[in-house]
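Below: the structure, in structure tokens.
The values are calculated or read from the model by the stated rules, or taken from the named source; none is laboratory data. Every value quoted in this text rests on a predicted model; they were computed, and no experiment measured them. Note that each Cβ is placed from the backbone with ideal geometry, even for glycine, and that neighbours are counted across all protein chains shown.
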Amino acid sequence: MSQSARDHLGRPIVVVTGIGIVTSLGQGKEENWRNLTAGKSGIRRISRFPTEGLRTQIAGIVDWNSDERYCAPRHSINLAKQSASEAIEQAAIGSPGSFPGPLFVANSPAETNWDQRMTVYGDEAGKNLRGYERLVKNAAAGDYSRYFRLFQFASIADNLADEFGTRGQPVSLTTACASGATSVQLGTEAIRRGETDAALCIGTDGEICEEMVVRFNLLSALSTQNDDPQGASKPFSKSRDGFVMAEGSATLVLESYAAARARGARILGVVRGAGERADTFHRTRSKPDGSAIIDCITRAMADAGMTPEDIDCINAHGTSTPENDKMEYLALAAALGEELANTPISSNKSMIGHTLSAAGAIEAAISLMTIGAGVIPPTINCIEQDPNILMDVVPNEKRVQDINTVMSNSFGFGGQNVCLIFSAEPY
Amino acid sequence: MPPLGDSMSNKQSEVWITGIGLVSSLGEGLDDHWSQMASGKTPAPSVDTEDQAPYPVHPIVDFDFAAQIPKRSDQRQMGKWQHLGTYAAGLALDDAGISNNPDLLAATNMIVAAGGGERDLEVDADIMEKIAGVDEYGPILNEALNTELRPTLFLAQLSNLMAGNISIVHGVTDSSRTFMGEESAGVTALQTAAAQIRHGQGDIFLVGGAYIAERADMTMLMEFGHTLWQGEHDSVWSRKDTDGGMIMGSAGVFLILESRQHAESRGVKPYARVDGIVSDRCTRQPGAAREVADKLFDQLNSQIPGGTLPVLSGCCGVQPQLVEEYEFLANLRERGIEPAVRGLTTILGNTLEAQLPLSFALASLAISRGRFFDPFDKTGFETAFSGIPEHILLSTWGHWRGECLALIGKPDVPLREGE
């Protein structure tokens with residue numbers, strides 16, 4: 001139990017002093033925690049756009065907090081503003097509009113959607129032209145400066161940098177479904193380098209539109225259990241048939257332990273370690289032997305200076321796709337060995353759905369809340385667990401248990417894998 | 001607090017550039033670029049005025065992507081943008097002697113500066129035609145998307161799949177991050193990699209990006225902001241007294257950044273040393289970007305000797321940044337520095353995410369050949385430099401956001417004390 005401000009490798013210890021979250025289960029930590037521990041689902045039938053003809057018609061869309069006409073990057077910005085405001089308020093750091101550190105935002109690429117494309121298409125200037133020739137002509141003739149600002153690739157991070165007054169150039173990043181975890185990792189690394197005493201790490205994704213649904217359907221990645229939206233996301237179950245897309249955002253305020261203690265901040269948890277390993281096998285599948293994700297988990301434990309016995313529970317990637325859940329089990333069995341039998345593992349995605357770019361940040365936030373409350377949220381919809389997945393998945397009911405350390409997994413398409421480890425303070 | 005950045009301190013590991021993979025509108029490889037850019041005459045840019053008319057662009061040269069992406073199954077999973085990046089990454093790995101060394105590949109970290117992947121613009125055109133004028137086009141759109149989109153196309157659209165493809169094709173498997181967003185993605189990618197090396201968070205990094213100018217969806221995006229130059233190609237400094245505008249360029253550029261110790265232990269010689277990358281942002285009120293650049297220069301100043309300083313500018317051409325960057329560079333004289341500026345965008349265009357990596361590659365080339373480039377334009381702003389460049393200042397300001405200065409040094413010139 002060291003009170004030093006440096007970790008086992010002599011690096012500044014990184015702590016979390018603010019958490020904010022918005023998901024399909026609600027707005028803010030309190031509402032999310034209440035619904036997570038009650039085992040509720042935030043998945044509904046999609047009403048944002050017509051779903052006629054789509055194989056998947058369900059999602060965890062967050063729409064109660066906006067009456068604006070839907071625009072994907074603007075929605076991602078709004079969700080991020082909500083989670084970041086909550087986190088910064090809790091951390092009570094900096095001053096309004098002036099956060100004393102850099103910004104790392106995990107988000108989906110900002111793309112013009114059909115709504116914007118057709119708005120531009122309908123203008124007069126290029127009406128005798130076709131396709132993009134027409135769009136370019138109309139873009140040049142009209143005033144689309146608002147689109148210019150929103151659809152630059154860096155626009156989400158840039159808007160947030162303005163809103164929260166973070167320092168320097170914001171980093172807008174993607175590692176697909178591991179993105180949110182990567183944002184925490186980048187913030188941790190910057191503090192460990194001594195570049196900054198604080199970092200604002202955000203994952204945000206509000207990008208569900210018809211084309212996204214079709215794209216993921218083409219990869220056969222989504223559940224098509226449209227008749228039972230709340231039962232569709234069933235990680236580790238025998239009948240799981242894909243993930244359920246969802247929206248949300250979470251923010252962590254990271255600080256060096258020394259700086260947080262010096263200003264008397266309440267410490268919500270410690271970022272103990274992070275591990276990463278890219279896969280070379282396939283664009284949407286892990287190596288059959290799981291070696292990349294095993295390595296990623298092993299490296300996180302090494303970075304944290306921990307062994308499998310130190311991990312009290314695991315916040316799973318647990319997407320509910322046949323492939324992921326099988327591979328995650330295989331990798332955990334290899335990386336944790338016999339200890340896995342004593343380590344409960346739960347998937348928040350059973351309730352929230354898969355928030356893609358935000359998932360790693362949301363699950364990091366919930367991991368820290370798990371430590372704070374001593375309660376593990378359940379994996380719901382676990383009626384018949386996959387007999388080949390021999391783990392304690394905390395089925396259907398929350399579990400009250402002292403938790404000092406949580407491992408959180410995130411594995412992305414494109415083979416980008418991140419594992420984070422959080423623990424209580426002090427250690 | 002000073003702006004964030006990666007600047008040199010003598011206690012930390014030196015960052016060397018030990019590998020370069022380069023394809024642009026001028027050609028492929030360092031020799032090809034050197035012969036055109038240091039031939040004693042003004043280099044002739046390659047310009048296409050038809051593909052995106054009325055906007056001139058610098059088209060990417062033909063490159064034999066199969067030479068770096070041998071499997072057809074891999075080739076089919078990518079569009080041209082991912083081909084270009086994966087190809088250039090392969091060239092950089094070959095150049096640094098990392099390819100075919102599994103242990104080294106497994107220890108190589110990657111940061112890709114990415115834009116959006118590619119859409120099938122013909123499919124978009126068909127769908128737009130189909131749904132135009134229909135009030136509630138949702139169901140028709142769904143049906144069209146269901147029939148027209150292909151799975152491989154979606155993967156080609158994902159920004160992080162350039163990194164994914166580089167891992168799959170070349171076997172780079174340590175950390176993998178993709179930073180998004182125009183010029184600043186290239187800036188933060190290089191800055192992060194250099195800072196990680198200096199602080200022992202990795203010994204060797206593959207960093208870079210790609211951009212292809214011949215993309216109407218990108219032309220549309222840039223014209224939402226009325227940022228493009230129309231008509232005949234002109235040098236970037238000649239556009240100074242006009243309303244300005246960008247000419248987009250094409251490039252795939254990857255660099256190997258490596259700690260000096262790591263490079264020496266495997267007997268590798270550097271092209272150049274990274275002596276600092278500093279950046280910040282402002283909301284581009286008049287004069288603000290120049291003010292930021294002045295502050296950034298102060299941060300690098302301790303490593304910059306007086307006298308004539310070669311400068312490679314990625315000046316984008318959009319006003320008022322064009323005038324502000326011009327004035328910033330011209331006013332270096334007030335600091336006792338005579339800038340020998342080369343407006344890289346005059347001959348290669350703005351390559352967005354690839355812009356700073358491209359500047360890094362060409363500055364490293366000049367340092368390693370012991371000579372700076374001949375002037376790229378005839379306005380007289382670009383003055384001759386006949387000495388051996390020991391430092392080259394890189395100035396890369398985003399067309400919309402983000403200002404960056406970087407300093408590339410000759411590896412055998414000692415770092416200056418006094419930080």
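General observations
- Unmet criterion (only one of (1) within 10 Å of chain A (Cβ to nearest Cβ); (2) within 18 Å of A:A190 (Cβ to Cβ)) for B:F205: (1)
- When B:G380, B:G387 are checked against the criterion of being among the small types (G, A, S), at positive phi and assigned to a loop (DSSP other than H, G, I, E, B), B:G380 stands alone in meeting it.
- Answer from A:N78, A:N128 - the residue that is modelled with pLDDT of 95 or more and under 29 Å from A:Q185 (Cα atoms): A:N78
- Filtered residue count, the range A:132-190, keeping only those that are crowded, with 24+ Cβ neighbours inside 10 Å, more than 7 Å from chain B (Cβ to nearest Cβ) and part of a loop (DSSP other than H, G, I, E, B): 3
- Lone unmet requirement of (1) modelled with pLDDT of 95 or more; (2) over 30 Å from A:A161 (Cα atoms); (3) touching a helix residue (DSSP H, G or I) at 6+ places or on another chain (Cβ under 6 Å) for A:V253: (2)
- Residue match in the range B:145-162 (condition: basic (K, R) and at pLDDT below 95): yes
- Residue in the range A:67-82 that is of a type in the set (A, V, I, L, M, F, W, C) and more than 22 Å from the chain's Cα centre (by Cα) present: no
- Residues in the range B:357-409 that are of a type in the set (A, V, I, L, M), more than 14 Å from chain A (Cβ to nearest Cβ) and farther than 17 Å from B:W34 by Cα were compared, and the one that is nearest to the chain's Cα centre (by Cα) is B:L394.
- Any pair with Cβ under 6 angstrom, 6 or more apart, that starts in the range B:117-129 at a residue that is at the interface with chain A (Cβ under 7 Å from one of its Cβ atoms) and ends at one that is assigned to a helix (DSSP H, G or I): B:L121/A:Y132; B:L121/B:A216; B:A125/A:G131; B:M128/A:Y121
- Pairs where the first residue, in the range B:16-27, is farther than 12 Å from B:P357 by Cα and the second is basic (K, R) and modelled with pLDDT of 95 or more, C-beta under 8 Å, 6+ apart: B:W16/B:R260; B:W16/B:R273; B:T18/B:K269
- Strands (runs of 3 or more DSSP E) within the range B:1-114 that include 1 or more residues of a type in the set (A, V, I, L, M) and surrounded by 15 or more Cβ atoms within 10 Å (Cβ to Cβ): B:15-24, B:109-114
- Each residue in the range A:117-131 was checked for being within 15 Å of B:K130 (Cα to Cα), surrounded by fewer than 18 Cβ atoms within 10 Å (Cβ to Cβ) and of a type in the set (A, V, I, L, M), and 1 pass.
- Test for A:D205: is it in contact with a helix residue (DSSP H, G or I) (Cβ under 9 Å, 6 or more places away or on another chain), acidic (D, E) and assigned by TED's automatic domain parsing to the domain that holds A:G360: yes
- Matching option when the condition is under 21 Å from the mean Cα position of the chain (by Cα), within 29 Å of A:L103 (Cα to Cα), assigned by TED's automatic domain parsing to the domain that holds A:G39 and at pLDDT 95 or above, among A:G305, A:G264, A:G242, A:G273: A:G273
- Checking A:V375 against (1) within 14 Å of another protein chain (Cβ to nearest Cβ); (2) touching a Lys or Arg at 6+ places or on another chain (Cβ under 7 Å); (3) not aromatic (F, W, Y), the condition it does not meet: (1)
- The residue pairs whose first member lies in the range A:6-29 and is without any contact (Cβ under 8 Å) to a residue 12 or more places away in the chain, whose second member is buried (at least 22 other Cβ atoms within 10 Å of the Cβ) and of a type in the set (A, V, I, L, M), and whose beta carbons are closer than 7 Å, counting only pairs six or more residues apart or on different chains, are A:R6/A:I13.
- The number of residues in the range B:151-163 being facing chain A (nearest Cβ under 7 Å) and either under 26 Å from B:R273 (Cβ atoms) or in contact (Cβ under 8 Å) with a residue 12 or more places away in the chain (or both) comes to 6.
- Complete set of residues in the range B:271-298 that are crowded, with 20+ Cβ neighbours inside 10 Å and either free of Cβ contacts under 8 Å to residues at least 12 places away in the same chain or of a type in the set (S, T, N, Q) (or both): B:S279
- Looking across B:I388, B:I408, one residue alone is at pLDDT 95 or above, crowded, with 24+ Cβ neighbours inside 10 Å, more than 30 Å from B:L221 (Cα to Cα) and aliphatic (A, V, I, L, M). It is B:I408.
- Taking (1) farther than 19 Å from A:Q230 by Cα; (2) crowded, with 24+ Cβ neighbours inside 10 Å in turn, A:S346 satisfies each apart from (1).
- For B:E264, the criteria (1) of a type in the set (D, E, K, R); (2) in contact with a Leu (Cβ under 9 Å, 6 or more places away or on another chain); (3) without any contact (Cβ under 8 Å) to a residue 24 or more places away in the chain hold in every case but one, which is (2).
- In the range A:257-282, the residues that are surrounded by 23 or more Cβ atoms within 10 Å (Cβ to Cβ) and within 14 Å of another protein chain (Cβ to nearest Cβ): A:G273, A:A274, A:G275, A:E276, A:R277, A:A278, A:D279
- For the range B:164-184, the candidate set comprises residues that are assigned to a helix (DSSP H, G or I), within 13 Å of the chain's Cα centre (by Cα) and within 7 Å of chain A (Cβ to nearest Cβ); within that set, the residue that is surrounded by the fewest Cβ atoms within 10 Å (Cβ to Cβ) is B:E182.
- Scanning the range A:191-228 for residues that are outside any loop (DSSP other than H, G, I, E, B), closer than 29 Å to B:I197 by Cα and at the interface with chain B (Cβ under 9 Å from one of its Cβ atoms) yields one hit, A:R192.
- Annotation note: Cβ proximity below 7 Å between a residue of the range B:392-405 that is within 21 Å of A:A157 (Cα to Cα) and a residue that is surrounded by fewer than 24 Cβ atoms within 10 Å (Cβ to Cβ) and polar (S, T, N, Q) (sequence gap 6+ or interchain) occurs for B:W397/B:Q321; B:H399/B:T227.
- Criterion applied to A:V418, A:V393 was being surrounded by 24 or more Cβ atoms within 10 Å (Cβ to Cβ), within 14 Å of chain B (Cβ to nearest Cβ) and of a type in the set (A, V, I, L, M, F, W, C), and the one residue passing it is A:V418.
- Matching entry among B:D217, B:D234, B:D241 (being out of contact with any Ser or Thr (no Cβ under 6 Å at 6 or more places or on another chain) and at the interface with another protein chain (Cβ under 8 Å from one of its Cβ atoms)): B:D217
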